[in-house]
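Asks: If you scroll down you'll find the structure; I have some questions about it.
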Amino acid sequence: MKWEQLWLNYQLNLDYCDQGYFNFVYQRSQGERIDNAVKELTKAAKEMFGTSLMVRSNLQEIEDIEDIEDIEDIEDIEDIENLEEMEKIGGIDEQGIVLQLKEAATLGEEGYQVQFEGNKLILTACEQKGLLYGVFHIIRQAKQGKPLRELPSINIPNNKYRMLNHWDDFEGKIERGYSGRSFFFNNREILINERTLDYARLLASMGINQISINNVNVREGASELITKKYFSEVKVLAELLEGYGVKLFLSVNFASPMVIGGLDSADPLEERVIAWWQEKVKEVVENVPNFGGFLVKADSEGWPGPFAYHRNHAQGANLLADALAPYGGVVIWRCFVYNCQQDWRDTTTDRAKAAYDNFAPLDGQFAPNVILQVKNGPVDFQVREPVSPLFGQMKQTNQILEVQIAQEYTGQQVDCCYLVPMWKEVLDFRTYCGEKEDTAADTVTDIVADTVADIVAGRTFGHVACGMAAVTNTGDDSNWTGHDLAAANLYGFGRLAWDTSLSAEAIAREWIAMTYNLNKEFEDTMVEILMGSWPTYEKYTSPLGIGWMVNASHHYGPNVEAYEYDVWGTYHRANHRAIGVDRTSTGTGMTEQYFGPNAQRYDHIDTCPEELLLFFHRVDYTHRLRRGVTLLQHIYDTHFEGVEEVEEMIRKWNTMKEAICPVVHERVLERFYRQLENSKNWRDVINTYFYRKTLQPDEKGRHIYE
Ligand code: GCU
């Protein structure tokens, strides 16, 4: 099957003001990633401007070129040793781009600098990766029709780890995958082909620098990925990815010593288990030199972990970390640990408290090459959750924020749901972890940057191994993401992980400009569709942060009580009078896991943000919300509005029929119609459920089924 190129699909644009720079590239430094950067420039020059990019990489060739003239404004170049060389390059008539590596501590491993000298754009980085990212940024600028002189002169990523987690199973299915099958695995074989290469290009172009290729639930023999049976393919794949600056990670089973090692224990403190992991890691690294490390889901949803041996998660994670440390590898250890065998009758156990309870007390005990990966919310990727209270609590522990691009609970790539605004809210959330009570003066002073973005970027506690990860939404569908508009989430995650200050709207605009060729009016229309889609989805699904109410196991479509009497710890406890879970200091006490200002805000019904009301409080249907309506009426209103908003999205999409390629327009329209059906189904199931509980009709007289 042929696949599409997403935002790397260039169109001819002969009106672009700076196309001259795409005439000529001088490659002052050599290396595989720089060669790949040049290939990208060559492709873009050809497809956008019909130009054959002239590539030079040695001075002799340049001296052969006629018309070398000295240019005068070269003094700005700091490196005097290179002046002569630069003069020669500058003297070449063609406008062009110079790629050079140079020591510059401020640029770090991945940053780059853009300068203009005469008719040349000089792109400088300390490492090859920086040049690759810089080149993709130049192309991005050109593709959007923006002048190259508007590029920021220095660009350094906010996050060191910008990672995608594939939940691809070894047989080829994808857990929570809604875009076809895996392009990494089929029938327990690793696939490496032209598509893999295009994927690596897409990753680099959006700034992703790490991927784990197999499901965190390591099933179907995927434990064998760290055995000699697969080393040669893993090595080839790792090298291919490395060419685009991407490190390969593997998810491993904590019980590997038993599953593939023939031991009868995986106890992290047992000598033979320790020796097994050390030997295993040595073998992996000897065979796959570019290997990044392990991603681990332990003691979670039935998967093995240190609890079986009465050990804690620091002991478990350090076992693997110690084995990886000599080779510079890391362990990314997930904090999604909770009791999934709860009795619904038990109102004292609160799943939302579990990550904090399991990990916060262990701060300071993790090895320096362990990174804890924390889901954005305390439960599980619902359409609305508070931020996990674990952020800011682990002052001595590296942390990665985990979000889900795959729309498991947000429409499964049938419904349109642009998630960047949600992630922005999470990143901008102030934890107050740096706030210090000055008891003498009885005042509170901010001492550090304390948003989630600050914490995972390492600004708050000075961590160096941290960042953002996302469960990806890709598969082998021709458009990669099932729903064409879901590619905005993939692209948006990469761009946001690189620069957390970008706004959700700016990212949407950029993605649209990169993917489609729309005039301003249609671009605005598409921005409206995307920016409105998460609030709309939230309106017609479960209300005010209560979550769930989905069909069990596959998680699509409404089913209010599917999880109510089950073991998963996700209950709304609705009766005829009230709904919600009391997580306040007089309830399960979860609000107390937050730092002062947030704890207080969430603890009181009057100050709790209304979108989280039912997450933190048990509330009567007659309770009046701030806009004056009762909770019940709010539920009815939002569910009617949600459907109307989907109808409006479809109307807007149809106005763009002439502007979007017919195949894509039709593909998206077909999904919108399915979304409309879904939204109606949600509206009617939810409204009827609450009507039956309360026997109170809609104040506006709209139809609610008996
Ligand atoms: C959710 C999801 C699972 C997944 C799990 C995880 O519970 O439904 O499919 O395995 O998250 O994050 O590990």
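Coordinate-derived values only; no laboratory data. Note that the structure is predicted; figures quoted are calculated from it, not measured. Positions of Cβ are backbone-derived with ideal geometry, glycine not excepted, and every protein chain shown enters the neighbour counts.
Asks: Provide the FRET efficiency to the nearest 0.05 for the R626-R601 pair, computing r from the beta carbons and using R0 = 25 Å.
Replies: On the way: r = 14 Å, r/R0 = 0.57.
With R0 = 25 Å, the Cβ-Cβ based efficiency is 0.95.
Asks: Here's another thing I want to ask about it. Go through segment 510-521 residue by residue and turn each phi into a ³J(HN,Hα) via Karplus (6.51, -1.76, 1.60, θ = phi - 60°); whole Hz please, and just put x for glycine and proline.
Replies: After applying 6.51 cos²θ - 1.76 cosθ + 1.60, I find 5, 4, 4, 5, 6, 9, 10, 10, 10, 6, 4, 5 Hz.
Asks: Hey, another quick one. Treat the count of other C-beta atoms within 10 Å as a stand-in for reagent exposure and order E189, E110, E117, E194 from fewest to most. Provide the component values of the computation, followed by the final result.
Replies: On the way: E189 13, E110 24, E117 18, E194 9.
With the fewest neighbours first, E189, E110, E117, E194 line up as E194, E189, E117, E110.
Asks: How much of the DSSP bridge set in the chain is antiparallel, in percent, rounded to the nearest 5? Intermediate results must be reported in sequence, preceding the final value.
Replies: Working: 19 of 65 bridges.
Of those bridges, close to 30 percent are antiparallel.
Asks: Based only on Cα atoms, what Rg/Rh ratio does the chain have, Rh being taken as Kirkwood's radius? Provide the component values of the computation, followed by the final result.
Replies: On the way: Rg = 26.8 Å, Rh = 27.1 Å.
Dividing the radius of gyration by the Kirkwood radius yields 0.99.
Asks: Here's a follow-up. Just to be sure I understand the model, the point goes 7 Å from the Cα along the line to the Cβ. What's the resulting E611 to K520 distance in nm?
Replies: 2.9
Asks: If you stretched the chain out fully between Q696 and L669, how much longer would it get, using 0.36 nm times the residue separation minus the C-alpha to C-alpha distance?
Replies: Numbers: separation 27, 0.36 × 27 = 9.72 nm, distance 3.63 nm.
Using 0.36 nm per residue and subtracting the Cα-Cα distance, I get 6.1 nm.
Asks: A275 to H554: FRET efficiency via 1/(1 + (r/R0)^6), r the Cβ-Cβ distance, R0 41 Å, to the nearest 0.05? All intermediate terms of the calculation are to be shown ahead of the outcome.
Replies: Numbers: r = 42 Å, r/R0 = 1.03.
Rounded to the nearest 0.05, the efficiency is 0.45.
Asks: Where does each of V456, V25, V98 land when they are ranked from fewest to most other beta-carbon atoms within 10 angstrom? Mind dumping the intermediate values first?
Replies: Details: V456 30, V25 26, V98 23.
Ordered by Cβ neighbours within 10 Å, fewest first: V98, V25, V456.
Asks: Considering amide H positions built from the backbone, and no H for Pro or chain starts, which residues 5 or more places from A470, or on another chain, come under 5 Å of its amide H?
Replies: Those lying under 5 Å, H to H, from A470 are M163, L164, N165, V403.
Asks: Another question, if that's okay. For K129, list the aspartates and glutamates whose Cα falls under 12 Å from its own Cα; do not include residues on the same chain fewer than 8 positions away.
Replies: The qualifying aspartates and glutamates are E32, D35, E109, E110, E242.
Asks: Moving on to the next point. From the backbone phi of segment 311-321, what are the Karplus-calculated ³J(HN,Hα) couplings (6.51 cos²θ - 1.76 cosθ + 1.60, θ = phi - 60°) in whole Hz, Gly and Pro given as x?
Replies: Taking θ as phi minus 60°, the curve returns 10, 9, 6, 5, 5, x, 5, 5, 4, 6, 5 Hz for segment 311-321.
Asks: Follow-up. Using Cα atoms only, what is the angle between the long axis of helix 487-498 and the major principal axis of the chain, expressed in degrees (0 to 90) to the nearest 10?
Replies: Between helix and principal axis, roughly 70 degrees.
Asks: Over 27 Å between Cα atoms, which of K39/K143; K173/K680; K282/K395; K43/K146; K102/K280 qualify?
Replies: Values: K39/K143 16 Å; K173/K680 30 Å; K282/K395 31 Å; K43/K146 19 Å; K102/K280 37 Å.
Correct reply: K173/K680; K282/K395; K102/K280.
Asks: Need the C-alpha centroid separation for segment 276-318 versus segment 505-524, integer Å.
Replies: Between the Cα centres of segment 276-318 and segment 505-524 lies a distance of 43 Å.
Asks: While we're looking at this one, here's another question. A449 label point, 7 Å along Cα→Cβ, cut-off 19 Å on backbone N: hits in segment 382-404?
Replies: Label zone hits: 391-402.
Asks: Filter the trypsin sites (Lys or Arg not before Pro) in segment 538-639 down to the DSSP loop ones having no more than 13 other Cβ atoms within 10 Å, then list what survives. Write out the running numbers ahead of the final one.
Replies: Working: sites: K539, R573, R577, R583, R601, R618, R624, R626, R627; in loops: R573, R577, R583, R618, R626, R627.
Loop-located and lightly packed - R577, R626, R627.
Asks: Calculate for the chain the 222 nm mean residue ellipticity that helices alone would give, adding -39,500 (n - 2.57) per DSSP H run of length 4 or more and normalising by residue count, nearest 500 deg cm²/dmol. Before the final figure, lay out each step's value.
Replies: Details: 19 runs with 245 residues, N = 706.
Computed mean residue ellipticity for the chain: -11000 deg cm²/dmol.
Asks: Show the residues, 5+ positions off or on another chain, whose built amide H is closer than 5 Å to the amide H of S251.
Replies: For S251, the qualifying residues are I213, N214, L295.
Asks: Turning to a different aspect of this structure: Stretch T106-E286 to full length: gain in nm at 0.36 nm per residue minus the Cα-Cα span?
Replies: Values: separation 180, 0.36 × 180 = 64.80 nm, distance 3.27 nm.
Answer, rounded to one decimal: 61.5 nm.
Asks: Could I ask something else about it? Hey, fewest Cβ within 10 Å first, where do V273, V448, V331 land in order?
Replies: On the way: V273 20, V448 15, V331 27.
Least to most surrounded, the residues fall as V448, V273, V331.
Asks: In whole angstrom, how far apart do the alpha carbon centroids of segment 198-246 and segment 593-625 sit?
Replies: A separation of 43 Å, based on Cα centres.
Asks: Relative to the present Cα-Cα distance, how much length would full extension add between S585 and A506 at 0.36 nm per residue of separation?
Replies: 24.5 nm
Asks: Still on this structure: I need the calculated FRET efficiency for the pair R345 and I192, taking r as the beta carbon distance and R₀ as 60 Å, to the nearest 0.05.
Replies: Numbers: r = 51 Å, r/R0 = 0.86.
Approximately 0.70, to the nearest 0.05.
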